[in-house]
Amino acid sequence: MRVFKGLRLVFDGGWSVIDGTIRDLSPTGARLTMESVVAVPSEFTLILNDRDWRRRCQVKWRSPKALGVAFR
């Protein structure tokens, strides 16, 4: 499903946060975009900004400004 919602990637025990946008969403994963994916670790928590929705994620692919993730 195509979406366009703000998100936060949280990692390092909650000490590090990167803002971005979720572009595609399915029951098993998502496509995320942000300014740069260089600092994004291979596992993190994804939080949608407009509601209390959290998922643990594992990166499956990355490009300079996008990530494909699977929900764990």
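Read-outs throughout are calculated quantities, based only on the coordinates presented, and are distinct from any laboratory measurement. Note that the coordinates shown come from a computational prediction; the quantities given were computed from them, not determined experimentally. All Cβ positions, even for glycine, are placed from backbone atoms using ideal geometry, and neighbour counts span all protein chains on display.
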Simple spin-label estimate for Trp15 and Glu43 in nanometres, 7 Å along Cα-Cβ: 1.8 nm
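If you take every residue apart from Met1 with its C-beta less than 13 Å away from the C-beta of Met1, what net charge results, scoring Lys and Arg +1 and Asp and Glu -1? Please report the intermediate quantities before stating the final value.
Numbers: positive: Arg2, Lys5, Arg23, Arg31; negative: Asp24.
With Lys, Arg at +1 and Asp, Glu at -1, the net is +3.
So if I place +1 on the C-beta of Lys and Arg and -1 on the C-beta of Asp and Glu, and nothing else carries charge, what would the dipole magnitude of the range 2-71 be about its Cα centre? I want it in debye, nearest 20. Mind showing how you got there, number by number?
On the way: 12 positive and 7 negative charges, 56 e Å.
In debye, rounded to 20, the range 2-71 gives about 260.
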